[in-house]
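Scroll down for the structure; my scribbles are underneath it.
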Amino acid sequence: MIFGSPEEPRMSGKEKLKIFVGVHWRGVCCVFIPLFSLLIILPPPTLPHHWCAFCLVIMACFWVTECIPLPVTSFLPVILFPLTGVNSTSATCAAYISDSLMMFLGSLILAACVEQSGLHVRLAYFAVRTIGFTHMRLLLSMSLVTMFVSMWITNTAAVTMMVPINFAVLKVFEEQKLMKIFEYTSEGERVASDLTTCYFCATTYSATIGGIGTLVGTATNLVMKGLLVKAYPKVPEYLSFPKFSAFTVPMMIFLEAATFFSMVILFLGWLRPNSAAAKQALVTPQGQAAAKAAVDANWDKLGSITFWEYMVILLFGGSMIFFFCRSPQMFLGWGDILEETFHRPAKFIRDSALAGLVGFLMFVSPSNLSFFKNFTVKYYEQLPKVRASSVLDWKKMDASLPYSFMFLLGGGFALSDAAKKSGLNQKIGESMAMLKVCPNAVVLFLIILAVTFVTNFASNVAVCNVFVPLAMELAKQIHRNPMWYNLAGGISASYCFMLPVGTPGNLVVQSAASIPTSKMMVAGAVPTVATILLTWFFLFFWAPVVWPDLTTLPPWA
């Protein structure tokens, strides 16, 4: 302190506490959440379902607050369940590697192959060139491509792919002085303009919607299936690829249409020709020509389709066909034929076996035909000097593959298994038995509404792991088909349109385009309401058409 300067005012205890909590809130959560959770197990005697509830509450709070990394929270069952007698170490650890987890790993490997080849970028530019260059046409092409790609690769990868493509198109319009990508607040902070918000929010929303289209589209679909099989081992192959997509694809199309029209009405002034948004979204013929020239230039840089991309189409496309034909329930699949031929029990062959096979072929298949030169060239100098790379490069994939998600899924399966064995599910189900008097349509709507609300604040997979077992136990207590409520909770866990923290795709576009949270909430309001209503409609009316025995309580339940 400088001599003679006035003494700095002392901080009050309240100010110190505010700063301490603001800086160290994660540590505060790590200490106080378990302390408050002690109310569940105290006073003694403590039964297994008390300990299971204790672990559930801690994990749910840690997952929502993210005070420690999500996968680290998922190790708590391995620590708590054996020590407290809820479940054995071997049984708990077995939940961390299962068919659903291997299928999830296989889907990541398949997605990595598409990303490394760049096939998805070619698809995006092809769609843009085909559909057109006004804002409405461009937004439609971007949304459709993102939705389609997200059906097969992770939502985050689909969004990440579209970020530079969005910027490339918007930059052309900015150079033509037709729009501004960024605006500045009165404090000098750079934020996305309305048109930029429209493009990037439509991208992440389309990825979220596309993820529900297939079983491999997002991790929550595989978690939902895994939890159903874990809780009811005798359940038939209801959630097969064709059955699941037969239900979700029509719903996905309607959800995408509702989202698209909400965005063009709000940001592009569609149906409002005299609005400021409509005037701002007007693209002159010169602007369209400039956008077309820029996209054509990027398309030319891609060159003609490569042998590598052909191999990806063959292996990836072939795997999707074989996934659909393994045990489709609508006709005898190749998995059913193998089981009958070799006298194997039902469900002996699962999707993870095919995912492993295709992944193996991607690692051993060449991405080019340069090795043939070894048999055709005449001189030493003409021989290839490097080895032919495989269709999928292990080192690149290993550096970027999100293995940690497997622990997140495994922790949820371990928690679900323990809740069933300890009787916790039954206790929770009994407390919700009052809903028995409510019509099934009302219960389905309440599940969709509750899960959609919570998933905006927490990881989709974590929300699915917590709510889907509760929904299935509720179905059991009120004598309804557990798979119906499994679908309601699992699919709704993917719907995060309002807040960035709910899904990585939202965070990607917010950080890339500097979208304020308030703008994202405005953009996501109508899609959120639309998804809740449309999901309820399809679950109540369309799901029983796809699965006719959904309206009854089957013997396996």
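The values are calculated or read from the model by the stated rules, or taken from the named source; none is laboratory data. Just so it is clear, the structure is predicted and the values come from calculations on it, not from any experiment. Every residue, glycine among them, receives a Cβ derived from its backbone with ideal geometry; neighbour counts consider all protein chains shown. With ligands, DNA and RNA removed, areas are computed over all heavy atoms of the protein, side chains included. Shrake-Rupley method; radii C 1.70, N 1.55, O 1.52, S 1.80 Å.
Based on the mean of other Cβ atoms within 10 Å per residue, sort peptides 221-230, 47-56, 84-93, 350-359 so the most packed one is first.
The packing order, highest mean first, is 221-230, 47-56, 350-359, 84-93.
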| query | What number, in percent, do you get for the relative contact order of the chain if the mean sequence gap of Cα pairs under 8 Å and at least 6 apart is divided by its residue count? | reply | 21 percent
| ³J(HN,Hα) computed for each position of segment 165-176 - Karplus, 6.51 cos²θ - 1.76 cosθ + 1.60, integer Hz, glycine/proline x | 5, 4, 5, 4, 5, 5, 5, 4, 5, 5, 5, 7
| query | Reachable lysines from LYS378, Cα under 17 Å, same-chain residues fewer than 8 places away excluded? | reply | none
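State, as an integer percentage, the relative contact order of segment 37-196 based on alpha-carbon contacts under 8 Å between residues 6 or more apart.
Value for segment 37-196: 11 percent.
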| task | Whole Å is fine, so just give me how far the alpha carbon centre of segment 341-390 lies from that of segment 300-331. | result | 15 Å
| query | Can you give the extra length, in nm with one decimal, that the chain gains between LEU282 and LEU507 once fully stretched, where that is 0.36 nm per residue apart less the Cα-Cα distance? | reply | 78.1 nm
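Which FRET efficiency, nearest 0.05, do LYS177 and ILE337 yield, Cβ-Cβ r, R0 51 Å?
0.20
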| Unpartnered cysteines - no second Cys beta carbon under 4.7 Å - across the chain | CYS30, CYS52, CYS55, CYS61, CYS93, CYS113, CYS198, CYS201, CYS325, CYS438, CYS464, CYS496
| message | Students often check this: by mean Cβ neighbours within 10 Å, which of 453-464, 245-256, 394-405 ranks highest, and how do the rest follow? | response | 453-464, 245-256, 394-405
| Zone of SER370's modelled label, taken as backbone nitrogen in segment 381-425 under 19 Å from a point 7 Å along Cα→Cβ | 381-397
| query | In deg cm²/dmol and to the nearest 500, what is the mean residue ellipticity at 222 nm of the chain if only DSSP H runs of at least 4 residues count, each as -39500 (n - 2.57), divided by the residue total? | reply | -21500 deg cm²/dmol
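Taking a probe of 1.4 Å, how large is the accessible area per residue of segment 47-195, in Å²?
Per-residue accessible area for segment 47-195 comes out at 39 Å².
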| Cα-Cα over 29 Å, subset of LYS180/LYS395; LYS347/LYS421; LYS436/LYS519; LYS396/LYS519 | LYS180/LYS395; LYS436/LYS519; LYS396/LYS519
| Cα Rg, Dmax (largest Cα-Cα span) when computed across the chain, Å | 26.2, 95
| said: Below 8 Å between Cα atoms, with a sequence gap of 6+, how large is the relative contact order for segment 304-417 in percent? | reply: 23 percent
| On the accessible surface of the chain, probed at 1.4 Å, how many percent belong to carbon and sulfur atoms? | 70 percent
| So how do 104-113, 34-43, 508-517 stack up, highest first, on mean other-Cβ count within 10 Å? | 104-113, 508-517, 34-43
